[in-house]
Amino acid sequence: TKYTVGDYLAERLAQIGIRHHFVVPGDYNLVLLDKLQANPNLTEVGCANELNCSLAAEGYARANGVSACVVTFSVGALSAFNGTGSAYAENLPLILISGSPNTNDASQFHLLHHTLGTTDYSYQLEMAKKITCCAVAVARAHEAPRLIDRAIRHALLARKPCYIEIPTNLSGAECVRPGPISAVTDPVTSDKAALEAAASCASEYLSGKLKPVILVGPKLRRAGDGAEQALIKLAEAMGCAVAVQPAAKGMFPEDHKQFVGIFWGTVSTDAADSIVHWADALLCVGTVFTDYSTVGWTAMPDIPLMAAEMDHVTFPGAHFSRVRLGEFLSHLATTVKFNNSTMIEYNRLKPDPVLVRTATPSDELTRKEISRQIQALLDSKTTLFVETGDSWFNGVQLKLPPGALFEIEMAWGHIGWSIPAAFGYALRHPDRKIIVMVGDGSFQVTAQEVSQMVRFNLPITIILINNRGYTIEVEIHDGSYNKIKNWNYALLVQAFNGEDGNAKGLTAKTAGELQDAIKAAEENTKGPTLIECSIDQDDCSRELITWGHFVAAANARPPRLPGI
Ligand code: TPP
């Protein structure tokens, strides 16, 4: 049988470690889907719509390091651009693949379905260029190997999404077999001289300071190349305090004696902000400073920063390109001087652990009691997904036991992300105990994807916190638009069962009901369990309110007009 463009793409996806590809079919991609299906190493995963499909692939990339999302032209791809944007912002190599019109149609000036009704079919590629690190459109079958390899290699190296467009009449067209996969996957290593220079510059800079602190950001894990392990070695060699940005929670072990909490300005945990602001040198490792992570710019550190990034390091007064993060951290660990002054200070000012009151079973359910019960659920096999909303603040305050993982989409911040993302993640890590904390408003955006959790028998626990509306937005800027229609969420997820599913929907209005529901969720090993937790509309975290006020103030800065 002949070897085709579709076979080539399938083989490359399998070779880079993709085991599941997320799809929504459409006539422009059907032949391609057949080819992908024919590869024994790939399992096709259908999604309810392309937004969810792209977010499921986004979650799969978190678990697997790389993912693929296959959609049809325009009606599919334009929706999948949203999850692709997330992958860009969150530094995840998601390969977006779209079918496209027959190659004869453009030159014949045909009008086609699923298009804008003009005869220009390049717009989707042009749009994709803005939200991926490499966008290619195959126009002739013999170009496919070169273009597919180029897009995938760019994505893997940059840790960003890429885009591959394949016309409907080319997926089955004849094509050569792939060459060695190392040409696509081999990492770029550091420039030796730049690495040496960067490490000695860093040691020298740090030795001239009295109070160094390490601040960890979300790009640490995304960098791969052993950077997380290397950071622990470096931290131990330095002996200093290690604070973690909220989007990097779990990337430095929370039971490590040098962990000083989540640095999130005035809403930090364990007083991490007091030690970060006391520092006279801040080694920022893969950090991302946004209006959200700096609490409306109120917590932007005001000393010069040393930034170690995925492929370069920048210090006050120096810059080194092509220095890989893992290699840099490992190298620096061997040259740096021990200085634990910030740990000594931190141990003096560290707040005492807060005693959490256990509610009695008949007590009305509160946010604090929900957190207390979720805390008890976390173990070394847990991955906790926290959705945009008060779930961010409640999730960030939980203590992660060794081995527990934490997922948050703080840069893109798409409400509804957690449901499809947790689904995609669970397919790759069926052995992990996956818990999702999500608000009612967010859940309404992507609720359909619970039906895939049912279809694939995934025992995900969804803690849906129903506070009757968009509370986080109430704190930033209130209006009638923050009220939403209430649903019967427990009944809804059971509707997804159809005739053969194992989804359970439960409700909890008291502490005892939540305890029972969690027990039932643990017993339901064949499908998802959603627990609708009803709490008072005004029951939200102090952190959300404080953060919301500062973010609102940053949003409301008046325009600065030049020179008038
Ligand atoms: N649309 C998208 C796709 N993403 C967004 N982040 C927003 C709109 C703006 N937004 C941010 S949070 C939020 C909205 C609409 C409400 C979240 O409400 P809910 O999930 O109920 O969480 P709560 O704040 O009540 O904890």
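Note down the net charge around residue 227, summing +1 for each Lys or Arg and -1 for each Asp or Glu among other residues with Cβ under 14 Å from its Cβ.
+1
Amide H of residue 281: which non-local residues (sequence gap of 5 or more, or other chain) have their own amide H closer than 5 Å, using H built in the peptide plane?
Those qualifying (amide H under 5 Å, at least 5 residues apart or on another chain) are 211, 213.
Please work out the Cα center distance from the range 377-430 to the range 494-564, rounded to the nearest Å.
12
Please compute the net charge surrounding residue 421, taking Lys and Arg as +1 and Asp and Glu as -1 over other residues with Cβ under 13 Å from its Cβ.
-4
Excluding same-chain residues fewer than 8 positions from residue 249, which lysines have a Cα within less than 25 Å of its Cα?
Candidates past the 8-residue exclusion: 160, 211, 219, 233, 257, 350, 368, 381, 399, 433.
Note down the net charge around residue 381, summing +1 for each Lys or Arg and -1 for each Asp or Glu among other residues with Cβ under 12 Å from its Cβ.
0
Using 0.36 nm times the number of residues separating residue 448 and residue 143, minus their current alpha carbon distance, what extension gain do you get?
106.0 nm
I want to check the label-to-label distance for residue 376 and residue 290. Put each point 7 Å from Cα in the C-beta direction and report it in nm to one decimal.
Modelled inter-label distance: 3.5 nm.
Find the centroid of the Cα atoms in the range 92-141 and in the range 1-46, then give the distance between the two in whole Å.
19
What full-extension length gain, to one decimal in nm, is calculated for residue 102 and residue 318 as 0.36 nm per residue of separation minus the Cα-Cα distance?
Stretched out fully, the residue 102 to residue 318 stretch lengthens by 72.6 nm.
Read-outs: derived from the displayed coordinates by stated rules, not from any lab. Keep in mind that this is a model prediction, so the values were computed, not measured. Positions of Cβ are backbone-derived with ideal geometry, glycine not excepted, and every protein chain shown enters the neighbour counts.
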